[in-house]
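Inspection log for the structure reproduced underneath, given as structure tokens.
The values are calculated or read from the model by the stated rules, or taken from the named source; none is laboratory data. In this text the structure is predicted, and so the values were computed from the model without any measurement. Note that each Cβ is placed from the backbone with ideal geometry, even for glycine, and that neighbours are counted across all protein chains shown.
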Amino acid sequence: MHIRTIAAAALSLALAGPALAQTGQPTFATRKVDGTDNVYIYRYMGHQSMFVVTPKGVIATDPIARYRPEAATTYLAEIKKVTDQPVKYVIYSHAHYDHIAGAKPFKDQGARIVAHKNAKTRFEALKKAGALLDSVVMPDETVDTKKTITLGGTTLELHYVGRNHSDSSLVMRLPKEKLIFTVDFIPIEGVQFRNIPDNGSPLEYEESIKKVVAMDWERMIPGHPYAGGRLGTKKDAQDHLAYMQDLSAAVKKAAADGKCTDNAMTEIKLPKYEKWANYERFLPMNIERYCYWWSNGY
Ligand SMILES: [Zn+2]
């Protein structure tokens, strides 16, 4: 077995993959999650994905191969180093191409593609409009509010907790291991991405994180190697919720003072979070999103 480990020290936040090019770490790496028998994290550049190996086959998640089919073939080669079992499932974390494009080689070996029902609806609409990337494989089955996958003694629950970073985000929970895999909607020690795109409302977003906090788990695998590549804790999820609530309260006040949107974007500071990744860069855009809610109703 050749399981590589991430050079954790080299990593900084990577919502934007290319930023990682400067860190000097290997292009990809696979590691087993400490304290588990069969759960792995596959990272390629600034994206990562969870897979679970069982005696009856492998449950893989996001192929992370938009514009780089080699990320998917490398993923399969990395799995092959651990097991000869085929991949039986590929589960999409949400509808965004940077995470889910590239599932064809998995499908070719017989994997079923699973996604939230809103992801499939979105892909169908995009396809009709001619905007679906060729490398996106349609889901074979969908999840509404919850689905449980069992394979070779492993149970994986797929939960929908409402609209947040997308309208199709699944929380994948391994109850025995008390692990969850969530992608993009709970950054660890980082502010939200840009102007918090593609969500229903910031308050719905907060509600979805509350639902995740209420679940039974101890460690969270994220879709990008935040905070040195470590796993998240429940405290990280609570801290992120607190960040959004603090931001919301500050923007609500600014809106009442007539400062939304431009003045609020430059005046509001949240020093409690100034050490977080992308604070300087994205805080003004995070403020903008909450201004839309508190001052314009959208
Ligand atoms: Zn996303």
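Condition first: crowded, with 24+ Cβ neighbours inside 10 Å and part of a loop (DSSP other than H, G, I, E, B). Now tell me which residues in segment 56-96 satisfy that.
D62, P63, I64, A65, Y92, S93, H94
Taking F123, is it modelled with pLDDT of 95 or more, aromatic (F, W, Y), within 16 Å of the ligand (Cβ to nearest atom) and part of a strand (DSSP E or B)?
no
Given the criterion surrounded by fewer than 21 Cβ atoms within 10 Å (Cβ to Cβ) and part of a helix (DSSP H, G or I), identify the matching residue among D246, D216, D198.
Matching residue, one of D246, D216, D198: D246.
(1) at pLDDT 95 or above; (2) within 30 Å of G297 (Cα to Cα); (3) surrounded by fewer than 18 Cβ atoms within 10 Å (Cβ to Cβ): which one isn't true of I188, the others all being true?
(3)
Restricting to segment 73-99, count the residues that are in contact with a helix residue (DSSP H, G or I) (Cβ under 8 Å, 6 or more places away or on another chain), within 16 Å of the ligand (Cβ to nearest atom) and among the hydrophobic types (A, V, I, L, M, F, W, C).
Total meeting the criteria: 1.
Look at segment 86-116 and say how many of its residues are without any contact (Cβ under 8 Å) to a residue 40 or more places away in the chain and either over 11 Å from V137 (Cβ atoms) or among the polar types (S, T, N, Q) (or both).
So the answer is 5.
Show the residue pairs that are 6+ apart or on different chains and have beta-carbon atoms under 9 Å apart, the first residue being within segment 187-209 and more than 17 Å from N278 (Cβ to Cβ) and of a type in the set (K, R), the second being within 14 Å of the ligand (Cβ to nearest atom) and outside any loop (DSSP other than H, G, I, E, B).
Sorted first by the residue in segment 187-209, then by its partner, the list stays empty.
Show the residue pairs meeting these rules: Cβ distance below 6 Å; 6+ apart or different chains; first residue within segment 156-179 and in contact (Cβ under 8 Å) with a residue 40 or more places away in the chain; second residue among the charged types (D, E, K, R) and within 15 Å of the ligand (Cβ to nearest atom).
Close Cβ pairs (under 6 Å, with a partner that is among the charged types (D, E, K, R) and within 15 Å of the ligand (Cβ to nearest atom)) amount to H165/D184; S166/D198.
Could you list, in sequence order, the residues of segment 100-120 that are more than 24 Å from R31 (Cα to Cα) and within 16 Å of the ligand (Cβ to nearest atom)?
Once the filter is applied, which keeps residues that are more than 24 Å from R31 (Cα to Cα) and within 16 Å of the ligand (Cβ to nearest atom), segment 100-120 yields A115, H116, N118, A119.
Name the single residue, out of those in segment 164-179 being within 27 Å of E274 (Cα to Cα) and not small (G, A, S), that is surrounded by the most Cβ atoms within 10 Å (Cβ to Cβ).
Only one residue tops the list, namely N164.
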